[in-house]
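K.L.:
I'd like to ask some things about the structure below.
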Amino acid sequence: MAEAHGAAVAQTGTEYVSHHLGFLTYGKVDGHWGFAHSPEEAAEMGFWAINVDTMLISMILGVFFMVFYYLVSRKVTSGVPGGVQNFVEMIVEFVIDSVDGAFHAKNKFVAPLALTTFSWIFLMNAMDLVPVDWIPLFAQTVAGDSHLFFKAVPTTDINITLGFATAVFLMVIYYSLKMKGPIGFANDFLMHPFPKWYLAPLNLLLELPGFFAKPVSLALRLYGNMFAGEVIFLVIALLGWYQLPLHFAWAVFHILVITLQAYLFMMLTIVYLNQAHQVDH
């Protein structure tokens with residue numbers, strides 16, 4: 001949810017939204033390493049710049065869900081389970097059912113990967129439900145800089161979503177080569193959809209764009225939905241005290257969005273890995 005603070009009154013709506021969409025970027029500019037003080041300066045830092053806020057929140061959430069699952073697993077009982085154990089078991093069973101329904105090969109790595117993907121992305125998406133001013137204000141207070149940029153929703157950073165998608169893409173290539181071999185992997189592009197050698201160039205032209213579109217679509221789908229949701233929260237925050245009913249309505253709807261986006265990313269990961277394990281006979 002969003003909650004505009006008093007400082008927003010001194011800003012125009014565009015300035016308020018733009019500031020909240022800025023990242024705490026660290027990189028090299030004019031021969032010196034440091035934090036960017038404007039979006040333009042962040043852009044000048046180039047490829048090797050890092051969005052510190054994105055990485056920090058992502059790692060904190062990653063450690064949180066790993067520790068949480070570990071602690072629950074240590075207290076699992078075969079008797080009457082508590083509410084927390086029931087909650088975790090429900091998530092695990094949901095993920096296992098999803099893997100069983102979409103993955104038809106044998107690979108013990110896929111279910112833990114699916115659980116990690118769903119849990120981590122869900123938690124990152126859920127940061128969008130925290131009032132938009134709370135975490136940036138806390139960061140500004142700690143840093144002693146009222147103009148500090150700080151974003152709290154990692155999945156509104158294309159670098160994070162593209163990083164997830166690239167990891168999935170590399171695993172697809174790895175398992176395709178492992179299961180099918182180089183020749184079998186090449187045949188996926190050269191002999192489909194038309195199983196004739198003289199049509200191999202046409203097959204390659206048809207198959208390659210779809211293959212490389214997989215990581216792009218994975219990244220942009222998650223990023224686009226979460227970025228749009230964050231912008232709507234920021235726009236609602238500009239309404240002052242009139243924002244509360246709209247915040248509640250949008251937050252309730254957004255719970256579905258953050259869950260659905262985590263689920264879709266997990267399911268597409270499972271489906272793509274299943275395709276990588278399929279061997280033509």
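K.L.:
Any residue in region 265-281 that is within 18 Å of residue 213 (Cβ to Cβ) and touching a residue at least 60 places away in the same chain (Cβ under 8 Å) sitting within a Cβ distance under 7 Å of a residue that is part of a helix (DSSP H, G or I) and among the basic types (Lys, Arg)? List the pairs, counting only those 6 or more apart or interchain.
P.N.:
Correct list of pairs: 272/214.
K.L.:
Given the criteria under 29 Å from residue 273 (Cβ atoms) and among the charged types (D, E, K, R), does residue 89 qualify?
P.N.:
Values: under 29 Å from residue 273 (Cβ atoms): yes; among the charged types (D, E, K, R): yes.
Considered against the rule, which asks whether it is under 29 Å from residue 273 (Cβ atoms) and among the charged types (D, E, K, R), residue 89 comes out as yes.
K.L.:
Report yes if residue 64 is at pLDDT 90 or above, at negative phi, among the aromatic types (Phe, Trp, Tyr) and part of a helix (DSSP H, G or I), otherwise no.
P.N.:
So residue 64 passes the test.
K.L.:
Here's another thing I want to ask about it. Against the definition (surrounded by fewer than 19 Cβ atoms within 10 Å (Cβ to Cβ) and either under 17 Å from residue 53 (Cβ atoms) or modelled with pLDDT of 95 or more (or both)), how does residue 138 come out, yes or no?
P.N.:
Spelling it out, residue 138 is indeed surrounded by fewer than 19 Cβ atoms within 10 Å (Cβ to Cβ) and either under 17 Å from residue 53 (Cβ atoms) or modelled with pLDDT of 95 or more (or both).
K.L.:
Restricting the search to region 17-64, which residues are closer than 30 Å to residue 92 by Cβ and surrounded by 16 or more Cβ atoms within 10 Å (Cβ to Cβ)?
P.N.:
The first filter runs over region 17-64 and keeps only residues closer than 30 Å to residue 92 by Cβ, leaving 54-64.
Within region 17-64, 54, 55, 57, 58, 61, 62 qualify.
K.L.:
For residue 102, are the conditions met, namely being surrounded by 16 or more Cβ atoms within 10 Å (Cβ to Cβ), within 24 Å of residue 268 (Cα to Cα) and either among the small types (Gly, Ala, Ser) or modelled with pLDDT under 95 (or both)?
P.N.:
On the way: surrounded by 16 or more Cβ atoms within 10 Å (Cβ to Cβ): yes; within 24 Å of residue 268 (Cα to Cα): yes; either among the small types (Gly, Ala, Ser) or modelled with pLDDT under 95 (or both): yes.
Criteria met by residue 102.
K.L.:
Still on this structure: Over 24 Å from residue 140 (Cβ atoms) and touching a residue at least 12 places away in the same chain (Cβ under 8 Å): is that true of residue 76 in this structure?
P.N.:
Spelling it out, it is not the case that residue 76 is over 24 Å from residue 140 (Cβ atoms) and touching a residue at least 12 places away in the same chain (Cβ under 8 Å).
K.L.:
Quick one: is residue 234 part of a helix (DSSP H, G or I), under 19 Å from the mean Cα position of the chain (by Cα) and buried (at least 20 other Cβ atoms within 10 Å of the Cβ)? Write out each step before concluding.
P.N.:
Values: part of a helix (DSSP H, G or I): yes; under 19 Å from the mean Cα position of the chain (by Cα): no; buried (at least 20 other Cβ atoms within 10 Å of the Cβ): yes.
Here the answer is no, as residue 234 does not meet what is asked.
K.L.:
In a loop (DSSP other than H, G, I, E, B), touching a residue at least 60 places away in the same chain (Cβ under 8 Å), aliphatic (A, V, I, L, M) and more than 19 Å from residue 64 (Cα to Cα), is that true of residue 99? It would help to see each step written out before you state the result.
P.N.:
Details: in a loop (DSSP other than H, G, I, E, B): no; touching a residue at least 60 places away in the same chain (Cβ under 8 Å): yes; aliphatic (A, V, I, L, M): yes; more than 19 Å from residue 64 (Cα to Cα): yes.
Spelling it out, it is not the case that residue 99 is in a loop (DSSP other than H, G, I, E, B), touching a residue at least 60 places away in the same chain (Cβ under 8 Å), aliphatic (A, V, I, L, M) and more than 19 Å from residue 64 (Cα to Cα).
The values are calculated or read from the model by the stated rules, or taken from the named source; none is laboratory data. Bear in mind the structure is a predicted one, so any value in this text is a computation, not a measurement. FYI the Cβ positions are ideal-geometry reconstructions off the backbone, even for glycines, and counts take in every protein chain you see.
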